[in-house]
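Beneath this line is the structure, given in structure tokens, with notes to follow.
The values are calculated or read from the model by the stated rules, or taken from the named source; none is laboratory data. Computed from a predicted model, the values in this text were never measured in an experiment. Cβ placement follows ideal geometry from the backbone for every residue including glycine, while neighbour counts extend to all protein chains displayed. These accessible areas exclude ligands, DNA and RNA; they are computed on the full protein's heavy atoms, side chains included. Shrake-Rupley method; radii C 1.70, N 1.55, O 1.52, S 1.80 Å.
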Amino acid sequence: MIRVLVAGAGGRMGATVVEAVTAADGMEVVARVDPQLPAGDGVFGDVATAIDAVHPDVAVDFTQPAVVFPNALAYLAAGVHAVIGTTGLTAAQVDEIRAQADAGEANVLIAPNFAVGAVLMMRFAAEASRHMPKAEIIELHHDGKLDAPSGTALRTAGLMQGDPVVHSVRLPGLVAHQEVILGGLGETLTIRHDSLSRESFMPGVVLSVRRIGRRPGLTMGLEPLLFEE
Ligand code: NAP
């Protein structure tokens, strides 16, 4: 049984992760961490206290850009494998997380998007940009999202040729959506992905929890788990 800590368990994503891990075979939630949750059995206000109390195998983090970095260092320092979905980490912070993972026993996966369709969208956009290098990205999210541009848009742009401009839309009613529009001579190509509910991220999260113990160091994105194994 993989024993899982869920950080941000009271949030939109974290609550869905608690349900998905509970429903999945071979894993269980042993700690829910969130200052928003009322104190109770298996509920903690911070990750350090939770790790000391339950010694989880894997931590899944869907918290906030402001706390994900110290959380990540705390997981690794305690020897707990980490699956990080929280966006907003800087390149320098990712470098430090990589160094700590390489130096220690615990592994870490950082993915801006756990939806299989979104991973495919990024792959297709990267391929298309080799032939149509003029492109722009429009990412659209619910108005509770704290960071802009989205981590998915930044990763997509990083994979594409031609340094595409990113536009961000924040509106109620949306979940997570992205359009990549490529323009050529007398033609355009549009690649669009829509996460219509947060369940779209769960197969990727559950797969990552299952596999992270066997992937030393830092894994960036869900792609290596989907395409290279
Ligand atoms: P949310 O609803 O605001 O949930 C975040 C929760 O974390 C809140 O309840 C927050 O409490 C709590 N929190 C804050 N500090 C914490 C700490 N130190 N330890 C534990 N919990 C803490 O946000 P969300 O919509 O679920 O999104 C969470 C993150 O996931 C965002 O960065 C978002 O961009 C990202 N995301 C990633 C994916 C992906 O596939 N990778 C998909 C969707 C979203 P307070 O309200 O008190 O701060």
In the full protein assembly as shown, how much of residue 1 is accessible to a 1.4 Å probe, in Å² to the nearest 10? 150
So what does the Cα-only Debye profile of the range 105-229 read at q = 0.23 Å⁻¹, as log10 I(q)/I(0), no solvent term? -1.32
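Rounded to the nearest 500, what is the 222 nm mean residue ellipticity of the chain from helices alone, with -39500 (n - 2.57) per DSSP H run of 4+ residues and division by all residues? Could you put the intermediate results ahead of the total?
Values: 8 runs with 81 residues, N = 229.
After summing the helix terms and dividing by the residues of the chain, the value is -10500 deg cm²/dmol.
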Could you order 187, 179 so the one with the most accessible surface comes first? Probe is 1.4 Å. 187, 179
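Suppose every K and R has +1 on its Cβ and every D and E has -1 on its Cβ; what is the size of the dipole of the chain about the Cα centre, in Debye to the nearest 20? Walk me through the numbers on the way to the answer.
Details: 16 positive and 26 negative charges, 51 e Å.
Using Cβ point charges on Lys, Arg, Asp and Glu, the chain gives about 240 debye.
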Round to the nearest 10 and report in Å² the accessible area of residue 98, as given by a 1.4 Å probe over the protein chains' heavy atoms. 100
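Just to make sure I understand: if all protein chains stay in place, what is the order of 63, 152 by accessible area at 1.4 Å, largest first?
Numbers: 63 45, 152 10 Å².
I get 63, 152, largest accessible area first.
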Which distance in nm do the two modelled labels at residue 73 and residue 165 give, with both placed 7 Å along the Cα-to-Cβ direction? 3.8
Where labels lie 7 Å past Cα in the beta-carbon direction, separation of residue 199 and residue 147 in nm: 2.7
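Roll a 1.4 Å probe over the protein chains and send me the accessible area per residue for the chain in Å². Walk me through the intermediate numbers first.
Working: 10780 Å² over 229 residues.
Ligands and nucleic acids excluded, the result is 47 Å² per residue.
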Along its principal axes, what span do the Cα atoms of the chain show, with the longest given first and each in whole Å? 62, 39, 32
In whole Å, what is the distance between the alpha-carbon centres of the range 8-69 and the range 165-196? 32
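Taking 0.36 nm per residue of separation and subtracting the Cα-Cα distance, what length does fully extending residue 116 through residue 23 add? Could the numbers behind the result be given before it?
Values: separation 93, 0.36 × 93 = 33.48 nm, distance 1.93 nm.
Here the answer is 31.5 nm.
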If the only charges are +1 at each Lys and Arg Cβ and -1 at each Asp and Glu Cβ, what is the size of the charge dipole of the range 91-156 around the Cα centre, to the nearest 20 debye? 320
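For the range 1-141, give the percent of accessible area contributed by carbon and sulfur heavy atoms, probe 1.4 Å, rounded to a whole number.
Numbers: 3290 of 6190 Å².
With neighbouring chains kept in place, the figure for the range 1-141 is 53 percent.
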Applying 1/(1 + (r/R0)^6) with R0 = 41 Å to the Cβ-Cβ distance of residue 46 and residue 91, what FRET efficiency is obtained, to the nearest 0.05? 0.95
Among 169, 205, 108, residue whose mean-square fluctuation peaks in a GNM of the chain (springs only between Cα atoms under 10 Å): 169
For the range 45-144, treating each Cα as an identical point scatterer without solvent, what Debye log10 I(q)/I(0) comes out at q = 0.17 1/Å? -0.85
Which of 64, 161, 178 fluctuates most in a GNM of the chain (C-alpha springs under 10 Å)? That residue is 161
Looking at the chain only, what percent of DSSP beta bridges run antiparallel? Nearest 5 please. 40
Distance in nm between pseudo-label sites at residue 192 and residue 102 (7 Å out along the Cβ direction from Cα): 4.2
Solvent-accessible area of residue 177, probe 1.4 Å, all protein chains present, reported in Å² to the nearest ten, please. 20
